[in-house]
Amino acid sequence: ANVPCELITIDGGGHGMMIRHIVNQLDLTPDQIQQVKTIFANHKAELTPELKALHTSRGQLFAAIHADTLDEAAVKTAAAAVGQAEADLAVTRARIFGEVRQVLTPEQQAKLQGMLAKARSFGDRIFSRIQAHLDDPLAGI
C-alpha cells in the first residue's frame, strides 16, 4: 500500500520508525490505511505544537552548547527543555501507537513487534558504536 508523505514519521528527530515503512511492511488494507490516517488527523492538534517545541528546544540546546562562552546553566536549561519536549511527544506517540495497534490484525501486530525488535536492536548497535569510540574518538585519523 502506498501512503502519502504526510504520514512519514511520528516524531521530530527521526528516532521513531517511519510510518510509511511500517504500513508498507504490514500490507494494510485500504480501510486500515484510512483508519491510520484518521488516527494521525485526530492527533494533529497535539503533534503540531509538540514537534515545534521539540524543534525549537533542540535549536536552543545546539546554540547553548556551541556558544562562544560556556554557560552551564544555559546548557542545562536548554537540555531540560528538550527533555520536556521529548516527554510530551513520547506520550502522544504512545497514544498513537496504541490506537494504530488496535487497527491491526493479530498477524500484523506480531509482525510489527518483530519490526520494533529490529529497530531497537539497530539503535542498540549504534549506541554501542558510540560508546566504543569514547576510548579513541579520533580512531582511524
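The values are calculated or read from the model by the stated rules, or taken from the named source; none is laboratory data. Computed from a prediction, not measured in an experiment: that's the story for all the values here. We place every Cβ from the backbone using ideal geometry, glycine too, and count neighbours over all the protein chains shown.
Yes or no: Ala67 without any contact (Cβ under 8 Å) to a residue 24 or more places away in the chain, closer than 26 Å to Arg125 by Cα and small (Gly, Ala, Ser)?
Spelling it out, it is not the case that Ala67 is without any contact (Cβ under 8 Å) to a residue 24 or more places away in the chain, closer than 26 Å to Arg125 by Cα and small (Gly, Ala, Ser).
Looking at Lys111, Lys76, Lys118, Lys44 in this structure, which one is within 21 Å of Ile19 (Cβ to Cβ), over 17 Å from the mean Cα position of the chain (by Cα) and among the charged types (D, E, K, R)?
Lys111
Give me the residue from region 20-41 that is of a type outside the set (Ser, Thr, Tyr) and loosely packed, with under 13 Cβ neighbours inside 10 Å and, out of that set, farthest from Gln113 (Cα to Cα).
Restricting to residues being of a type outside the set (Ser, Thr, Tyr) and loosely packed, with under 13 Cβ neighbours inside 10 Å, the top hit is Ala41.
Right, Ile126: hydrophobic (A, V, I, L, M, F, W, C), more than 19 Å from the chain's Cα centre (by Cα) and either over 21 Å from Asn24 (Cβ atoms) or at pLDDT 95 or above (or both) or not?
Judged against the criteria, Ile126 is not a match.
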